[in-house]
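The values are calculated or read from the model by the stated rules, or taken from the named source; none is laboratory data. Remember, predicted model here, so these are calculated numbers, not experimental data. All Cβ positions, even for glycine, are placed from backbone atoms using ideal geometry, and neighbour counts span all protein chains on display. These area figures cover heavy atoms from the full protein model, side chains too; ligands, DNA and RNA do not enter into them. Shrake-Rupley method; radii C 1.70, N 1.55, O 1.52, S 1.80 Å.
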There are 2 protein chains.
Amino acid sequence: MAVSFEVPAGAYRHWRLAVDGPVATVTMDVAEDGGGQPGYELKLNSYDLGVDVELADIVQRLRFGHPEVRAVVLASAKDKIFCAGANIRMLAQAEHAWKVNFCKFTNETRLAIEDASAHSGQTWIAACGGTASGGGYELALACDTILLVDDRAAAVALPELPLLGVLPATGGLTRLVDKRRVRRDLADVFATRAAGVQGKTAVDWNLVDEVVPRVRFAEHVADRAAEAAARSTRAPGGHAGLDLPPLDRTFTADRLDYRHVHVEIDRANRCAAITVDGPDGPPPGSPDAIDASLWSLAVVRELDDAVLHLRTNETEIGTWLVRTRGSSGAVLAADAFLLANRDHWLVNEVVLYLKRTLKRLDVTSRSIIALVEPGSCFAGSLFELALAADRAYILDGTLPDGPDTPASLTIGAMNLGPLPMGNGLTRLATRFHHDPEAAQRAATHEGEPLAAAEALALGLVTAAPDDIDWDDEVRIAVEERASFSPDALTGLEANIRFVGPETMETKIFARLTAWQNWIFLRANASGPEGALRRYGTGQRPAFDRHRV
Amino acid sequence: MAVSFEVPAGAYRHWRLAVDGPVATVTMDVAEDGGGQPGYELKLNSYDLGVDVELADIVQRLRFGHPEVRAVVLASAKDKIFCAGANIRMLAQAEHAWKVNFCKFTNETRLAIEDASAHSGQTWIAACGGTASGGGYELALACDTILLVDDRAAAVALPELPLLGVLPATGGLTRLVDKRRVRRDLADVFATRAAGVQGKTAVDWNLVDEVVPRVRFAEHVADRAAEAAARSTRAPGGHAGLDLPPLDRTFTADRLDYRHVHVEIDRANRCAAITVDGPDGPPPGSPDAIDASLWSLAVVRELDDAVLHLRTNETEIGTWLVRTRGSSGAVLAADAFLLANRDHWLVNEVVLYLKRTLKRLDVTSRSIIALVEPGSCFAGSLFELALAADRAYILDGTLPDGPDTPASLTIGAMNLGPLPMGNGLTRLATRFHHDPEAAQRAATHEGEPLAAAEALALGLVTAAPDDIDWDDEVRIAVEERASFSPDALTGLEANIRFVGPETMETKIFARLTAWQNWIFLRANASGPEGALRRYGTGQRPAFDRHRV
């Protein structure tokens, strides 16, 4: 059955959300019988994909629906346990591809928490009233501040390596040394000690920010939340917040239709054609008039959902062809509205959401080819789709049955700063990492429709076939892609999409994730005698002792 | 049979070395029947580990033995082919661990070429008189300049993905976008086109620096080499160069003994005890008096060989305990001699070689624990061994049968700059990435022997057990390490050793290598129907089409 990433508003099975003025409290209370598949119970606030889909929804709704919230406390409803991490039996029984995709989504959710702390004035505070273990501690690591109760029982721990033979790879090892900057030898000790670390040592090693006796814990958490809220620059403005309505979407066997985004699957070629429609009207006059139908918001919600759906439920569809349809001027006008009102909290959220969704594309293990055809509107925010693609083809000329005006693309202000990739660079700067002058040259054409020859000369597209060659070129690219090893393509794209600098975020998806994926395949973890499979059986794992 | 990394001087089977004044020519002429294992022929200048061991030796001997050489031309003796890359049948029949270790060594050799271009005034020029394909092009990428003959036949190519279902992972993808800064969509096209790219397009995409007609090729290569030699800052000085003699080494079943380095293997605990002896005398009075017995050079040659031997031939030995023995003062005097004469080309080579060997440790998939005991000399260059270790324990006190003076360690100038890790930081700065002030505080103690309590307080060691606890602490650490999944340890260490920034070099060992290792394990590459196994059989590979 297809996994859905939509959560009906407020209908959380595993979480409770309480908003009290500027402070929201998100309480993890995982339903043991609420697992997405049979075969495991979600004990001790352990989680599976369904639990995390709800968390991602909460992060999102807090940002869009609650202008008043300036600090978020992440807590647990369970006695003595904050969160025990990803459910081990779920992991043990999962297929490799599921494990990898699950980790990718949970990584993105934790990055969304950090994005809220950094850019939305909603500082997340992990209030660990009990042990935070494995993915539970990794969840705390995604928060800005970690408070741990000091009661001789509560600890923070990364027991993945000693108990399960895998890594703490939902960002854990990277955040340990690159975010919290735990000294590498202490990180080594910590990540090999199943019982974890508690009390003063946890503070000394910078694993947590403070330990607080239980009698004062609740009060201390409230104080820290109030302080964070007081420091926040989130400005409510005149908008009461958006209650994001359910997406208007229709799924059939080989089609997904949203209002602005349409997906058609060609199973023979293992290819999905994604078409994104531009705005059908002008932006509103004021940010206070924004509702959920705002094109910039609606289109990114739909695109985000389509990406998640295809990524999770259509793993054999290895190539995505991305087209746009509509008026470039209208896209640029929608962008201009956002950028002119960027200091409005809700507009800021729309831009940040677009940024996150484009980042999802960057780490998606599918070949992405942008097709710039007559009638398309690859401008500004939608031109980012072409910049995110592995290749972009522009048609030089017109097609017999198509619009009369040749295709063009347009650089907009959205391409020049507000939408950085995980590596900290814009996609345009990443593209021209070889030649910063070429980037500047391209930028001087901001706002001008660039026809095929010009786009090619400026280095903005991969090729510009004419109308005679177009269909063949596209067909060959698709067929060729479908003939290659899907694994090798995943590795290729993961390498060449991220040119230049690395950040904590890109290290999580590269260094950490790639090693974890390797470990997940190894018999020492996932074989019948491996640590992941034998955990909880009473039998010790049997390891191949050779170091690779 | 154990692989040896020693090559008797000049006895190359696969290469020819010719020195003509300031220009050396290294000609690849691989013997088809010279493979290290049965089952494959080294056709078309394809290589296996033995071929690369010889190349590494050449790079080394050019640096130590040839003060006059200021440019190196890398050429091929074969008609129409520069180098076809790693031998595919060798890869197809190799065990996973062999493949991974082979790639690690070849990566290190290519980095040594770049180190020679960057720091030894020996600029390498790839003279591709024929096609450079796969690992052959990756070898060219390691050179400073790539010249390709322009004859409608010669091309550069990375056919790994389309033909073999694996990545160009001997640095290929990373150097493509981060060194040569090929635009990412062009890199995508290039790395999926088995036939490669030739002529003007190869120059336009920056895959090569120049294409030159065959009639002018030899002359042009000579001109470019002469120009590079003229630009070189390599200053011959008064030393004629060292002809590195064979290592004085004795291997028995569980011991390796060199002059200064001793290794004892404890198979029950899957542990190797490595002891490095300090200098037994003062440094020479002048750099011109250096011979191969110079402690700083001899010890690093021995250590390098021991690391390679253990890494390749002792894969079940997962933990390395590193001790030193001797006078800290003598180590610091040896270091001071090197640093006072750093502008002497040969001294410079010794420091650079030490740097490279320490980097080998950093990427070695073994747990490294430094044991700082009474009588040890962890000072300056040898203190780097403790800084490279995953943990360092210092004994607080003395042992009944040991020396009377308690253990200490000493920061020296060698710890403060000349020996950066691949991430560009010193090991001390990496260690204190969390706290630059702590790094400065530690540096103020340069030259002072730091006893256990002080070393612990300064954050230079992981723990400082006393004489009562020492043996137990060490035993427990070793036993615990031996109980863990070797794969998970490899992943852990690969992540937490590299804190902070990434460079092209670290990206090769992390992002690129980790993805390749994952792909190597996948049936799409290495299964009986995988692309690597089916290559050359006439049968097409059968792929699992799911994207992970």
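Values for this structure:
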| item | result |
| --- | --- |
| Net charge dipole size for the protein assembly as shown [Lys, Arg +1 and Asp, Glu -1 on Cβ; Debye, nearest 20] | 760 debye |
| Label distances, nm, A:Asp288 versus same residue in remaining copies, Cβ-directed 7 Å point | 8.7 |
| Modelled label reach - A:Asp204, point 7 Å along Cα→Cβ, region A:161-190 residues with backbone N closer than 13 Å | A:186 |
| Copy-to-copy label separations for A:Ser4, where each label sits 7 Å from Cα toward Cβ, in nm and ascending | 7.0 |
| Cα centre as origin, Lys/Arg/Asp/Glu Cβ charges: region A:493-534 dipole, Debye | 160 debye |
| For A:Leu492, solvent-accessible area (1.4 Å; no DNA, RNA or ligand), Å² | 0 Å² |
| Mean Cα-pair separation over length for chain A, i.e. relative contact order, pairs under 8 Å, 6 or more apart, % | 12 percent |
| Filter on A:Lys200/A:Lys359; A:Lys355/B:Lys104; A:Lys43/A:Lys179 - keep pairs with C-alpha separation over 31 Å | A:Lys200/A:Lys359; A:Lys355/B:Lys104 |
| Evaluated at q = 0.05, 0.06, 0.11 Å⁻¹: base-10 log I(q)/I(0), Debye formula over Cα of chain A | -0.21, -0.30, -1.01 |
| Using θ = phi - 60° and Karplus 6.51 cos²θ - 1.76 cosθ + 1.60, couplings along region A:147-153 (whole Hz; Gly, Pro as x) | 10, 10, 5, 10, 9, 6, 10 |
| Helix-only CD estimate at 222 nm, as mean residue ellipticity for the protein assembly as shown, using -39500 (n - 2.57) per DSSP H run (n ≥ 4) | -11000 deg cm²/dmol |
| Which of B:His260, B:His434 is most accessible, then next, and so on - probe 1.4 Å | B:His434, B:His260 |
| Solvent-accessible area of A:Ser286 with every protein chain in place, 1.4 Å probe, in Å² to the nearest 10 | 40 Å² |
| Where the Cα pairs of region B:493-534 fall when distances are cut into 5 Å bins, in % | 6, 21, 23, 15, 11, 11, 8, 4, 0 |
| Per principal axis, descending, Cα span of region B:263-379 in whole Å | 47, 29, 19 |
| 3J(HN,Hα) from dihedral phi, region A:21-32, Karplus parametrisation 6.51/-1.76/1.60, rounded to Hz, x for glycine, proline | x, x, 10, 9, 10, 10, 10, 7, 8, 5, 6, 4 |
| Amide H within-cut-off set for B:Tyr47, under 5 Å, with H built and near neighbours excluded | B:Gly85, B:Ala86, B:Asn87 |
| Peptide A:527-534 - average C-beta neighbours from other chains (10 Å radius) | 1 |
| Point-charge dipole on Cβ atoms (K/R +1, D/E -1) for region A:256-353, about Cα centre, debye to 20 | 260 debye |
| Hydrodynamic radius of region B:250-490 per Kirkwood, over alpha carbon pairs, in Å | 18.1 Å |
| For region A:15-231, the spread of Cα positions along each principal axis, largest first, Å | 44, 37, 30 |
| Rounded accessible area of B:Ile125 (nearest 10 Å², 1.4 Å probe) | 0 Å² |
| Over 55 Å [Cα-Cα, the protein assembly as shown], rounded percent | 17 percent |
| Label geometry 7 Å along the beta-carbon vector: A:Asp254 inter-copy distances in nm | 6.7 |
| Furthest towards positive pole of dipole, B:Gly527, B:Pro236, B:Gly375, structure part chain B, Cβ charges | B:Gly527 |
